[in-house]
1. In Å³ and rounded to a whole number, note down the convex hull volume per residue for the Cα atoms of the stretch A:32-119.
2. FRET efficiency for A:LYS291 and A:HIS425, Cβ-Cβ distance as r, R0 = 41 Å, nearest 0.05?
3. Applying 1/(1 + (r/R0)^6) with R0 = 35 Å to the Cβ-Cβ distance of A:SER460 and A:VAL299, what FRET efficiency is obtained, to the nearest 0.05?
4. I'd like the distance separating the alpha-carbon centroids of the stretch A:130-170 and the stretch A:503-541, in whole Å.
5. For A:ILE173, enumerate residues with amide H under 5 Å from its amide H, sequence gap 5+ or separate chain, H modeled in the peptide plane.
6. Can you list the HN-Hα couplings for the stretch A:486-502, worked out from phi with the Karplus curve (6.51, -1.76, 1.60; θ = phi - 60°), rounded to whole Hz and with x for Gly and Pro?
7. If I require 15 Å or longer along the helix axis, counting alpha carbons, and a Kyte-Doolittle average no lower than 0.0, what helices from chain A are left? Use full DSSP H segments.
8. At B:MET138 and B:LEU250, where each label point lies 7 Å from the Cα along Cα→Cβ, what is the point-to-point distance in nanometres?
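The values are calculated or read from the model by the stated rules, or taken from the named source; none is laboratory data. Not measured: the values here are computed from a predicted model. Glycine also receives a Cβ, built like all others from the backbone with ideal geometry; neighbour counts cover every protein chain displayed. All accessible areas refer to the heavy atoms of the entire protein, side chains included, with ligands and DNA or RNA removed. Shrake-Rupley method; radii C 1.70, N 1.55, O 1.52, S 1.80 Å.
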Amino acid sequence: MKKPLLSIRDFHLDIGSAPIIKGISLDLHPGEIFGLVGESGSGKSLTAFSAMKLLPHAASPRGEIVFDGQNVLDLDDKQMCGLRGRQMGMVFQEPMTALNPVKTIGNQVSEGIRWHLGIDAQNADKRMRKLLGMVGLPAERFSPGRYPHELSGGQRQRVVIAMAIALKPRLLIADEPTTALDVTIQAQILTLLKDIVKKQKMALLLISHDLAVVADMADRIGIMRDGAIVETGSTARLFETMKHPYSLNLREASTHVPVRKTKPVLSAQSKVPPLLSVQNLVCEYKLQRKKLFAARPVVKAVNSVSFNIYPGQSLGLVGESGCGKSTLARALLALEPPSDGHVDFMGQPLTHARPDDLIKIRRDLQVVFQDPFGSFNPRRRARWLVGEPLGLLGKEISKAEKQDRIVDVLDAVGLSHNDLDKFPHEFSGGQRQRLAIARALVTGPKLVVADEAVSALDVSIRAQILDLLVALREKLGISYLFISHDLSVVRAITDEVMVMNAGKIVEQGPTGDVFDHPKHPYTRLLVSAAPNLQQALKRRRKKERQT
Amino acid sequence: MSLIKARLSAVKDLAGRSLHSMSFVIGGTIFALVGLMAFVSFFWTPYPVDVLDIPAKLQSPSAAHWLGTDHFGRDILSMIMVGAQNSIAVAIVAVGIGLFIGVPLGLAAAVRRGMADEFLMRFNDLVFAFPALLSAVMITAIFGPGAVNAIIAIGIFNIPVFARVARGAALSLMTREFILAARVAGKSRTRITVEHILPNIANLLIVQGTIQFSLGILAEAGLSYVGLGAQPPDPSWGRMLFDAQTMIGLAPHIALFPGMAIIISVLGLNLLGDGLRDLLDPKLQRRS
């Protein structure tokens with residue numbers, strides 16, 4: 001057997017006195033992709049940074065990280081500088097922060113080449129152009145004189161990859177390289193990484209929270225939890241022989257579909273009038289003036305959208321970032337007035353409603369936002385935060401009744417009355433999202449808009465929240481408008497789905513039909529780009545059988 | 001019960017961390033001493049400051065007069081102590097004016113946006129363009145010199161500072177999801193401002209207030225120096241400097257001590273402001 005390029009042996013890392021990584025071992029051979037999967041806080045990113053000896057302050061590593069015959073932990077900073085970039089390249093999660101905003105992309109790619117190889121500007125320039133071509137940004141179409149802000153997220157990530165592979169490193173480390181990107185872009189970037197690794201015979205250490213992505217990419221996988229690798233093996237076999245309860249749980253959670261007892265509510269069969277009805281809704285944004293006296297240019301974020309939500313229905317809205325789905329949600333919640341069109345809620349006009357009417361409407365129309373950190377005032381306690389919408393009921397119910405309602409609703413979302421006097425930061429991410437759901441339910445609404453409500457959560461927590469949402473719907477008969485970029489989530493809990501692209505709804509219908517037999521080209525693109533664990537594993541198995 | 005306990009532990013945590021911040025400890029000590037000095041001077045000073053003792057003029061520091069005497073034979077330590085009253089009073093009221101007028105203006109601008117925002121902030125720019133000294137000269141020209149007019153002049157100068165800080169911080173908070181959630185909960189803009197925005201920008205305002213306080217002391221000294229602040233016989237640090245100017249060759253100590261009083265209190269307040277900024281920064285707060 002060949003010698004591994006990177007070999008981590010019983011590696012421990014303490015930060016201060018807290019053990020973060022507790023003895024992990026892994027081998028990485030040239031030309032191989034090793035996937036490290038785990039949820040947030042499992043220590044997977046720190047493992048990667050440790051391999052490059054980019055350790056945080058007050059970190060004390062123990063054990064061995066052998067790269068090409070030398071223990072990285074024994075090398076001093078000067079020797080490491082020779083290795084980093086030259087022998088090891090790194091692709092970061094957030095391409096905007098990984099690039100220097102005041103330097104051109106060409107400059108940033110050629111910088112490393114000149115620094116490490118000491119070649120002149122002209123030759124470095126030539127290599128830089130070749131590299132940018134390799135990552136799909138040919139110099140004829142994408143001038144190397146551009147600045148990072150002039151590129152899209154996917155293009156920026158390509159530049160970061162070009163920088164990482166500029167010196168043909170033998171080891172490439174990619175830390176959540178596609179997490180900040182849309183699914184269609186994610187598919188492109190993953191294919192690019194795979195091609196480069198194959199062509200250049202690099203070893204790739206891929207870090208991700210997404211099992212489907214890792215299963216598609218990696219030859220071998222290690223599942224990390226609490227600073228330890230709980231299970232490892234070649235991809236297809238690992239998924240077949242998984243034994244550790246955490247891995248099993250992770251696999252189940254990744255493809256989790258909540259059990260639904262009620263039949264889906266379909267628009268075509270509905271005999272009652274719709275709960276929410278949207279007609280030709282247009283939302284425009286005015287941009288900055290380009291000339292002093294010219295009219296301000298206008299962007300149509302939502303372009304003539306119409307749909308209905310029926311009582312008890314769970315409607316999904318999928319689309320990539322910037323397609324207008326959040327703008328649409330804000331218009332529906334009467335947070336921003338639309339430029340044109342109508343929204344009717346329970347037969348009443350919601351657009352241009354008088355403040356008194358709006359208060360009545362808002363009792364029945366609530367929202368759950370994406371960010372479990374940002375959706376609560378950090379200086380208030382849970383009791384106050386959850387009870388906030390009760391102000392909508394005015395004096396209709398007494399103070400004691402309000403307190404009862406708060407306790408009941410906390411109970412319904414699986415929190416206890418002991419949590420009433422806690423501050424938001426005392427809850428975990430999943431608990432905070434439960435709190436957000438409790439706040440949305442406290443007035444007993446008929447429709448809840450969930451704007452990316454599970455996107456910021458780890459998979460196992462996400463599965464629990466999805467279960468909770470489904471259970472609440474069945475118990476309380478509420479309707480959902482479920483907005484997400486994640487097709488698998490939308491598929492798991494919606495009856496019908498709308499696909500949005502560039503402000504327009506391009507396809508609409510029962511969820512299964514739309515995703516299994518997409519008609520519009522954009523839907524087809526979206527469905528094919530979405531990572532799918534089952535299909536990835538099928539491909540893997542075939543491949544492993546051949547070798 | 002648990003509520004009180006939680007509060008208590010939060011206070012303890014803050015107190016514990018405050019001892020780690022050197023600038024907070026040093027600045028706080030200096031400022032406490034200056035405050036104590038001003039407080040004591042209400043009841044007692046080593047010598048009365050309104051009695052002239054010409055034969056004892058321009059004495060060097062000695063056991064009888066720790067910091068020496070000035071050209072009228074008054075005790076400099078006593079004058080500095082009483083002068084501290086004046087400096088602190090002017091600075092407190094001036095910061096108060098800035099806070100109570102500037103913060104509501106800034107918040108209103110952030111909440112209303114549009115034309116109201118434009119108008120308020122441009123007006124602020126206009127006020128900001130006049131140095132405190134210039135507005136003091138104008139006010140004095142109309143109402144005559146005096147400590148109250150100095151306070152008004154410095155207070156007006158503080159308004160745009162607080163308005164800008166409040167507006168900037170509020171704008172970045174307005175996009176946060178908890179503000180949207182409060183709007184969905186049917187709260188009016190005023191209530192959202194009071195319940196959500198104000199508590200979250202309080203940190204910034206406290207820090208800014210400390211820094212404006214030190215600038216207030218400095219501005220008061222400047223105004224008294226040119227004769228626009230407190231009028232004789234009330235002692236003030238700025239005028240003590242002015243009086244000492246002609247005699248600096250003869251008796252340098254009468255310029256040195258009031259000058260040091262100004263420098264030390266401004267330095268102390270700046271250190272306190274820095275320390276508070278570190279302490280109140282949520283990014284540095286320990287997760288419990």
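1. Enclosed volume per residue, from the Cα hull, is 156 Å³.
2. Result of the calculation: an efficiency of 0.30.
3. 0.35
4. The distance from the Cα centre of the stretch A:130-170 to that of the stretch A:503-541 comes to 29 Å.
5. HN-HN under 5 Å from A:ILE173: A:GLY89, A:MET90, A:VAL91, A:LEU205.
6. Coupling constants for the stretch A:486-502: 9, 5, 5, 5, 4, 4, 5, 10, 10, 8, 10, 9, 10, 10, 10, 9, 6 Hz.
7. A:153-165, A:183-200, A:459-476
8. Label-label distance for B:MET138 and B:LEU250, simple model: 4.0 nm.
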